[in-house]
Amino acid sequence: MAIQASKYIWKNGQLIDWADATVHVLSHALHYGSSVFEGIRVYATPKGPAAFRLEEHIDRLFDSARIHRIPMPYDRDSLLTACRSVVVDNALASAYLRPIVFRGYGSLGLVANEDVATEVVVAAVSWGRYLGEEAMEQGVDAAVTSWQRPAPNTVPALAKAGGNYLSGSLISSEAKRHGYGEGIALSHDGLISEGAGENLFLVRDGQIFTPPVAASILGGITRDSVIRMASDLGYPVREQPMPREMLYLADEIFFTGTAAEITPVRSVDGIVVRAGGRGPITRQLQERFFGLFDGSQPDRHGWLTHFSSASTNHQELPHVANAV
Ligand SMILES: Cc1ncc(COP(=O)(O)O)c(C=O)c1O
């Protein structure tokens with residue numbers, strides 16, 4: 001489904017009409033991938049729209065810009081306010097926020113000079129279940145793809161930068177062309193890295209494992225949340241390098257991400273996980289996670305930012321698919 005417009009987009013300090021939020025075709029980011037961005041979910045909760053870990057996402061946006069030395073023309077508070085604005089001023093009940101910072105128009109030199117301004121945009125769109133509603137219970141069939149993640153000290157995996165997503169798109173599209181729901185990539189040394197746009201966890205003998213940040217992964221905010229929720233539930237998570245075959249021996253596997261939330265994996269390369277689909281630990285973590293948004297779980301860690309009261313007349317946007 002195509003993107004459904006909301007009324008306003010925040011661009012370079014002001015709310016403008018959706019249709020006016022355009023860029024020049026000679027913008028630096030379009031040619032060289034020089035953008036950094038975030039994906040943030042805003043859930044419809046009993047207390048009105050609430051963003052999940054908003055501040056951590058904005059902090060990661062600044063970290064990504066720092067890695068790529070992109071000057072940030074706005075401070076943290078301005079961007080937090082912009083995120084609130086695109087939800088409240090568009091009267092949205094739930095949304096997927098897309099803040100993006102990119103090198104704009106001014107020069108086509110590879111190394112951006114002072115002629116190239118940094119542009120900052122925050123948009124709100126609607127988003128359904130990234131890997132499908134059914135996958136939340138049944139799990140998704142995944143495949144290890146022939147494309148590996150960029151090696152350390154090539155393209156920095158810890159920056160959520162536009163250019164990195166050429167890798168994710170090759171990984172995901174190869175898996176989908178072969179009939180799988182999502183691709184899993186190995187790192188340069190053949191060890192498990194992550195999904196195309198998700199971090200990966202596996203369970204074996206009641207112990208939860210996930211690859212470390214050195215495995216060319218994005219340091220996911222959902223990943224961090226799952227590590228904390230698992231620890232609250234009495235399952236400490238071991239962050240350790242793992243060979244590919246651990247995927248075939250796992251009792252449970254699940255993906256985490258802002259888009260994917262917590263999605264079980266049913267099989268990898270045609271080998272069904274031992275639990276046969278969503279396992280009991282994945283289910284407990286899903287209950288903790290989704291319970292935050294329907295009010296059945298307390299917000300133990302202060303992860304929700306509430307935007308307004310439930311009485312506001314909010315608009316539900318139709319959902320779009322296929323972003324990370
Ligand atoms: C490559 C990649 N890995 C992992 C994730 C999950 O990160 P987060 O949980 O912060 O959304 C994402 C999505 O942002 C991603 O694009």
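Scanning the range 1-15 for residues that are open to solvent by 40 Å² or more (accessible area, probe 1.4 Å) and either under 11 Å from N90 (Cα atoms) or at pLDDT 95 or above (or both) returns A5, K7, Y8, N12, G13, Q14, L15.
From the list L97, L26, L30, L80, pick out the single residue that is in a strand (DSSP E or B) and aliphatic (A, V, I, L, M). Walk me through it before giving the result.
Values: L26 fails: in a strand (DSSP E or B); L30 fails: in a strand (DSSP E or B); L80 fails: in a strand (DSSP E or B).
On inspection, the qualifying residue turns out to be L97.
Quick one: would you say E245 is closer than 22 Å to I171 by Cα and either within 11 Å of the ligand (Cβ to nearest atom) or open to solvent by less than 30 Å² (accessible area, probe 1.4 Å) (or both)? When the stated conditions are applied, E245 does not pass them. Restricting the first member to the range 106-119 and to residues that are without any contact (Cβ under 8 Å) to a residue 12 or more places away in the chain, and the second to residues that are in a loop (DSSP other than H, G, I, E, B), the beta-carbon pairs closer than 8 Å and six or more apart or on different chains are N113/G106; N113/S107; D115/G106; D115/S107. Anything in the range 62-103 that is open to solvent by 10 Å² or more (accessible area, probe 1.4 Å) and hydroxyl-bearing (S, T, Y)? List them, or say none. Y74, S78, T81, S85, S94, listed by residue number. Within the range 37-58, being within 11 Å of the ligand (Cβ to nearest atom) and in a helix (DSSP H, G or I) holds for E56, H57. R300 falls short on exactly one of the conditions (1) open to solvent by less than 60 Å² (accessible area, probe 1.4 Å); (2) in a loop (DSSP other than H, G, I, E, B); (3) in contact with an Asp or Glu (Cβ under 9 Å, 6 or more places away or on another chain); (4) more than 14 Å from the ligand (Cβ to nearest atom), and that condition is (1). Selection of the range 248-261 for residues being part of a strand (DSSP E or B) and near the ligand (Cβ under 10 Å from one of its atoms) yields F255, T256, G257, E261. Scanning the range 268-285 for residues that are under 22 Å from the mean Cα position of the chain (by Cα) and crowded, with 20+ Cβ neighbours inside 10 Å gives V268, R278, I281, T282, L285. Every condition in (1) touching a residue at least 12 places away in the same chain (Cβ under 8 Å); (2) more than 23 Å from M242 (Cα to Cα); (3) more than 16 Å from the ligand (Cβ to nearest atom) is met by Y165 except one, and the failing one is (3).
The values are calculated or read from the model by the stated rules, or taken from the named source; none is laboratory data. Small disclaimer: the values here were computed from a predicted structure and weren't measured. As a convention, Cβ positions derive from the backbone with ideal geometry for all residues, glycine included, and neighbour counts pool all protein chains shown. What goes into the accessible areas is simple: the full protein's heavy atoms, side chains included, and nothing from ligands, DNA or RNA. Shrake-Rupley method; radii C 1.70, N 1.55, O 1.52, S 1.80 Å.
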